[in-house]
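Got a structure for you, questions after.
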């Protein structure tokens, strides 16, 4: 370090009660459960990347509370990108499930290394070659490709990206949805 230079600490919020629920329920779906301050702080420390190559945090829309058919909440971010754009792992972790369903189409469920959070990637055109369950991934690894499978409009390719606080590690789809937008801190880039 050169003369006159100093390490500057990153300013942090004061630490609120660790065991209580998050006061700002706009970050999660309270109908599905509770997210604690500790959960939020752990997710912030994960330093997630935008899960679409070339995407920037500022470009991710605020679509978490948007309504959907049947009175559902969206509980995710739809990240628009051209069909075939690489979908990247937002975090280090493990691929836990590869599946297809009527709403999400071709999907991936991954978890963070501690299996506290599940990441759901949906409407994919396909998976990256050799992607498999139990595969360890790092932030920026290619998982698949943006598409319109499932109930996505054919002319609107995008990635449906959802974060959930896991309640049961065997039910990846049944966690408490958390708004991804505030936690996407890095642009989508290959590692």
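The values are calculated or read from the model by the stated rules, or taken from the named source; none is laboratory data. Everything quoted here is computed from the prediction, not taken from an experiment. So basically every Cβ, Gly included, is an ideal-geometry build from the backbone, and we count neighbours across all protein chains shown.
Which of the residues that make up segment 63-101 are assigned to a loop (DSSP other than H, G, I, E, B) and at pLDDT 95 or above?
Step one: list which residues in segment 63-101 are assigned to a loop (DSSP other than H, G, I, E, B), which gives 63-66, 68, 72, 74-76, 81-85, 89-92.
Result: 81, 82, 83, 84, 85, 89, 90, 91, 92.
Still on this model: Tell me which residues, restricted to segment 81-94, are buried (at least 21 other Cβ atoms within 10 Å of the Cβ) and free of Cβ contacts under 8 Å to residues at least 60 places away in the same chain.
Answer for segment 81-94, where residues must be buried (at least 21 other Cβ atoms within 10 Å of the Cβ) and free of Cβ contacts under 8 Å to residues at least 60 places away in the same chain: 89, 91, 93.
Right, here's the next one. If you scan segment 23-53, which residues turn out to be touching a strand residue (DSSP E or B) at 6+ places or on another chain (Cβ under 9 Å), assigned to a loop (DSSP other than H, G, I, E, B) and exposed (fewer than 15 other Cβ atoms within 10 Å of the Cβ)? Write out each step before concluding.
Let us first name the residues in segment 23-53 that are touching a strand residue (DSSP E or B) at 6+ places or on another chain (Cβ under 9 Å), namely 27-37, 39-40, 42-44, 46-53.
Retained after the next criterion (residues that are assigned to a loop (DSSP other than H, G, I, E, B)): 29-35, 47, 50-51, 53.
Once the filter is applied, which keeps residues that are touching a strand residue (DSSP E or B) at 6+ places or on another chain (Cβ under 9 Å), assigned to a loop (DSSP other than H, G, I, E, B) and exposed (fewer than 15 other Cβ atoms within 10 Å of the Cβ), segment 23-53 yields 30, 31, 34, 47.
I need the strands (runs of 3 or more DSSP E) fully contained in segment 129-181, keeping only those with at least 2 residues that are out of contact with any helix residue (DSSP H, G or I) (no Cβ under 9 Å at 6 or more places or on another chain), within 18 Å of residue 46 (Cα to Cα) and touching a residue at least 60 places away in the same chain (Cβ under 8 Å).
So the answer is 158-165.
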